[in-house]
1. With the full set of protein chains in place, find how many percent of the accessible area of region 511-776 is carbon and sulfur; take the probe as 1.4 Å.
2. Which value, in Å³ per residue, describes the convex hull spanned by the Cα atoms of region 511-776?
3. What chymotrypsin sites (Phe, Trp or Tyr not before Pro) does region 597-702 have in DSSP loop regions with at most 13 other beta carbons within 10 Å?
4. Quick one: compute a quarter of the convex hull surface over the Cα atoms of region 690-779 and quote it in nm².
5. Return the whole-Å distance between the Cα centroid of region 525-545 and the Cα centroid of region 736-779.
6. Could you list the trypsin sites (Lys or Arg not before Pro) in region 673-742 that lie in coil according to DSSP, counting only those with at most 11 other Cβ atoms within 10 Å of their Cβ?
7. Using DSSP to call loops (not H, G, I, E or B), can you name the chymotrypsin sites (Phe, Trp or Tyr not before Pro) in region 355-446 whose Cβ has at most 15 other Cβ atoms within 10 angstrom?
8. Measuring from centroid to centroid over Cα atoms, what is the spacing of region 575-615 and region 427-448 in Å?
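The values are calculated or read from the model by the stated rules, or taken from the named source; none is laboratory data. Keep in mind that this is a model prediction, so the values were computed, not measured. Cβ: placed from backbone, ideal geometry, glycine included. Neighbour counts: every protein chain shown. All accessible areas refer to the heavy atoms of the entire protein, side chains included, with ligands and DNA or RNA removed. Shrake-Rupley method; radii C 1.70, N 1.55, O 1.52, S 1.80 Å.
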Amino acid sequence: MDDVMIFAFYLSSILSITYNIVPIIVIKAIFVISFGLIILSTYCNNRSKLYYSCIFICLGLTVGFYHHINEQNYDVSKLYGKNVEIRGIIITEPQKNNGNTVSDLVLTQVNGQKIPTRKIIKIVQGAFSNSPGLHYGDVLIINGKLCSLTNNSEDEAGPSAYFKSRDLCGKLYLDSYCKIIGNEQKYLKKLSFAIKGIVIKIINSSMAYPYNHLLEGLVVGDVENAIPDTINDSFRKAGITHILVVSGSQIALITGMTVLIMKRFTRRKLILFLVINFTNFIFVIISGSDPSVVRAGIMMSIAQLAILFSKNNKPEHSLFLTGSIMISYNPNYVLDLGFILSFLATFSLLSLAPQIEKHLSFIPSKYVRQLFSVTLAPHLMTTPVLLYYFSTYSLFSIFVNILVLPIVEWIVYLAFISIPLFFLSSGLSSILFTGLTVLIQVIMLIVNYFTSVKFSIINIEFGKLSLVFFLYVVLCVVFFDVKKEHKLYLSIIACLLFIISIFPDYREQLENKTIQSGSLSFYVLDVGNGLCTYLRTPSGRSILFDCGGNPEKYVAKSSILPFLQKHGVNGLDYVVISHAHADHYCAINSIEKNIHIKNLILSTFQSKDEVFEKSISDVRKDNVKVIRVGKGDSVTIDGILIKFLAPAKTNFITYVEDDALNNLSLVVGIYYKETEILFTGDVEEDGVMKLLEWLPLASMDIIIVPHHGAKNNSFDKLLSRVNPKLALVSVGKKNKYGHPNRNMLRCIEKYGVKLLRTDINGTIQLKTDGHRIITYARH
């Protein structure tokens with residue numbers, strides 16, 4: 001029960017800081033204190049516990065306060081979009097990524113000011129950059145424009161949770177001044193990079209694509225960009241992406257091999273301890289120092305330390321001690337989903353798996369019982385968090401893991417034998433690598449079989465934190481040995497949490513009193529510089545108007561797909577693309593791969609954009625019906641009229657210059673009872689004037705401001721004509737285009753129209769019964 005209580009403390013702390021319930025300064029102090037208390041409870045007698053507890057409490061508060069002060073001293077995000085002079089040291093070997101060379105640089109000075117805490121930026125060299133080639137350890141002076149990590153401009157106000165956990169705070173393109181003034185290499189790190197390079201070279205020379213990259217993921221990790229998107233998607237749908245993350249099994253294997261070799265030369269505990277930790281340290285660096293492998297490395301060091309001093313090592317205490325060490329060093333680890341999942345999965349193997357195995361006593365084979373328990377335990381422990389983050393569940397995940405995990409173990413064992421054997425006998429090594437290829441092909445066959453089932457993934461709306469706690473309390477009651485009176489209390493807590501989860505939000509309940517049924521929901525997603533709007537009809541039919549955003553490469557995975565999956569969207573009846581600019585269509589292929597689209601509506605005007613034409617061609621291959629429309633066409637769905645107001649329709653596809661596309665955007669009117677919404681795409685001044693000639697005299701309730709609020713001298717006339725109650729602008733934070741234009745904002749204010757912007761209000765939700773409109777937005 002003590003382990004359960006410690007786990008509950010850690011879980012609540014992690015979730016608290018993740019959702020900004022408790023400040024980082026408090027969490028850091030708590031984990032430093034926990035570090036001490038776990039040591040005390042394990043190794044100290046009762047008399048000395050109070051004395052040492054006071055010391056650790058003071059130390060924890062001091063460390064937390066020091067971290068807080070240093071973090072406040074320098075906020076790099078304030079410099080996004082500005083030209084800066086940077087001094088720093090390259091701390092990774094440069095990696096190729098989409099034609100660019102990317103390196104990590106730890107900052108020492110910015111604009112002459114020393115950086116008090118560890119801050120890292122990405123240095124990006126284009127294929128045709130004139131800057132010198134960079135290498136690990138280079139000390140640089142760079143002048144350039146600092147950008148956010150997810151954008152080429154200064155759109156983002158600060159780094160995300162993932163980047164914070166890795167101390168990443170920005171990126172800079174080497175298209176200006178760069179000077180190498182020295183080299184400060186750490187030789188252990190240099191050795192690690194050299195070993196990693198040799199391992200990858202051996203694998204690439206011995207195996208065909210993409211099996212080589214899959215094996216690299218199993219052996220050294222950090223290869224997500226090298227694996228084809230189709231395979232990544234299949235692994236995600238099957239629920240086995242975790243196998244490409246290096247963690248405890250690889251550390252345990254390296255430790256076992258090291259012990260086996262070293263015992264031939266010496267059995268002295270101190271030498272074994274030093275050699276094991278040295279090899280594990282090298283492997284942690286090779287694998288990219290992700291939280292999961294760092295956690296495994298520290299736990300192994302603690303276990304070896306206990307052996308060195310002949311102490312009993314309790315794995316659960318080692319896990320929590322490891323967590324305390326990691327978070328005391330970098331409290332932003334608790335923002336990292338990889339850290340949270342690694343922590344939960346390891347705890348489940350130590351505490352939950354034995355409990356599940358007891359419940360499987362009816363299975364005669366001990367091996368089968370263990371296989372089921374070690375597969376089911378991490379699945380049960382991590383599923384609540386994954387549902388909360390992604391709102392999707394793989395129906396066949398358990399079965400795929402049961403089939404795949406034993407194969408993965410054999411692959412890892414064979415790989416660690418094949419790689420060193422390459423230097424002794426290339427022929428025997430080649431046979432083993434052939435066997436590895438066959439095993440990986442078997443995994444892919446299993447994955448493809450299960451993911452080919454139409455409903456292999458279901459979307460579950462799982463937006464309340466109370467549901468996460470409810471599921472964990474249920475796990476505790478069902479599987480752990482808890483006293484009867486404690487079980488009663490936990491059952492009461494579980495019931496209360498479940499009631500809170502299903503009870504509607506009080507604010508939403510009050511506002512929905514006026515709109516009970518037959519409501520139309522409409523969302524403007526926060527996708528940065530771009531546009532994506534989602535409409536759900538009263539009976540649950542789904543329509544998407546535009547599907548772009550910024551950054552173009554990631555907007556589908558980071559914004560649009562998570563939104564659709566969270567809202568349980570399994571199919572789209574219509575997707576309307578206003579025009580062929582990437583910030584309005586770039587996510588179309590990613591959406592189609594994950595959510596079936598029945599109909600795609602396009603204008604008859606199109607530019608000769610090869611990327612757009614390929615995107616539409618790929619969509620057609622998935623049996624999506626493509627409909628070309630223009631002024632006068634309309635679609636009625638579930639009592640909602642979708643009317644196309646501009647541009648004029650041609651009898652065939654008309655190719656135009658790219659700069660003419662904005663004014664030829666599809667302009668759409670949505671009519672539901674007494675509520676009317678106007679989509680204007682990216683129409684500019686000429687497009688608005690043409691629209692005014694065709695637009696009915698009736699007013700519109702809501703208008704999507706054209707072209708993200710770019711300057712438009714005709715906008716005043718448009719507002720005067722449609723007389724809206726609400727104006728919506730989809731725009732990125734602090735974008736380099738200056739959107740929305742000040743004159744546009746003054747015009748909106750002049751007519752007394754309420755304004756909502758995605759850069760300020762986030763994703764905007766509207767709900768209407770056709771008479772009244774309710775707005776949900778962050779203020």
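1. Result for region 511-776: 46 percent of the exposed heavy-atom area is carbon or sulfur.
2. It is 120 Å³ per residue.
3. F652
4. 6.2 nm²
5. Centre-to-centre (Cα) distance: 16 Å.
6. Loop-located and lightly packed - none at all.
7. In loop regions of region 355-446 (DSSP not H, G, I, E or B), the sparsely surrounded chymotrypsin sites (Phe, Trp or Tyr not before Pro) are F362.
8. 38 Å
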